[in-house]
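What follows is calculated from the coordinates using simple rules that are stated; it is not laboratory data. Here the structure is a predicted model, which means the values were calculated and not measured. Methodologically, a virtual Cβ is constructed for each residue, glycine included, from the backbone with ideal geometry; neighbour enumeration extends over all protein chains shown.
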Amino acid sequence: MIPSRRHRNHAARTLWPWLCLPASLTAALRRAYDAAEWPRARVLGCGRARPHPRERRALGLNRLAWVYWREVELHGPDPQKPAIWARSSFPLRAISQGLQPLTRHGSRPIGNTLFRHRRLQRSPLQIEVTPAFGQRRRWRRSSILQRGARRVWVEEHLLPDLPRWRGRGR
């Protein structure tokens, strides 16, 4: 998705490479931290649940569907300074259709796993700003990663401790 003029006028220029990157933010973070062992994911939660209305619409699910979800903060050497908050989810039925490895990632980011598949297609990025009354705005992007009937919804929020952009990585 090409950002609207309204968004371009309100977001800091330094955020646009992060927001518009069509590939994995994990690889770009690795390059920004200049070390192969970073970023790491601090798992905030994961499990099975009913999807949020936004997830349900994005994944094309009915109201009775269940998803597997995972929320993480991606950080560099200082875990107290996360760079990205991310949530991914997919229908439970997709676990038996080849997505079971995504449920076993522990503290590893799933971005590299998802983008390793060459036949995986990504929907256009949806870029939005989240209003935060009395606080800095938070920018987020979301998209659907799909291969055949299997779909994974990914939402990523850029946090204040995002490092300086150093290129898209590999």
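Key figures for this structure:
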read-out: Coordinate range along principal axes, alpha carbons of region 55-125, Å, largest first; value: 40, 28, 27
read-out: Sequence-separation-based contact order of the chain, relative, with Cα cut under 8 Å and 6+ spacing, percent; value: 28 percent
read-out: Length added when fully stretched, Val43-Leu15, from 0.36 nm per residue minus Cα-Cα; value: 7.7 nm
read-out: Rg and Dmax of the chain, Cα atoms only, in Å; value: 15.7, 45
read-out: Local net charge near Leu44, Cβ-Cβ under 12 Å (Lys/Arg +1, Asp/Glu -1); value: +1
read-out: Net lengthening on full extension, Ser96/Arg147 (0.36 nm per residue, minus Cα-Cα); value: 16.9 nm
read-out: Column: log10 I(q)/I(0), Debye, Cα scatterers of region 10-98, q = 0.18, 0.21, 0.25 Å⁻¹; value: -0.93, -1.06, -1.16
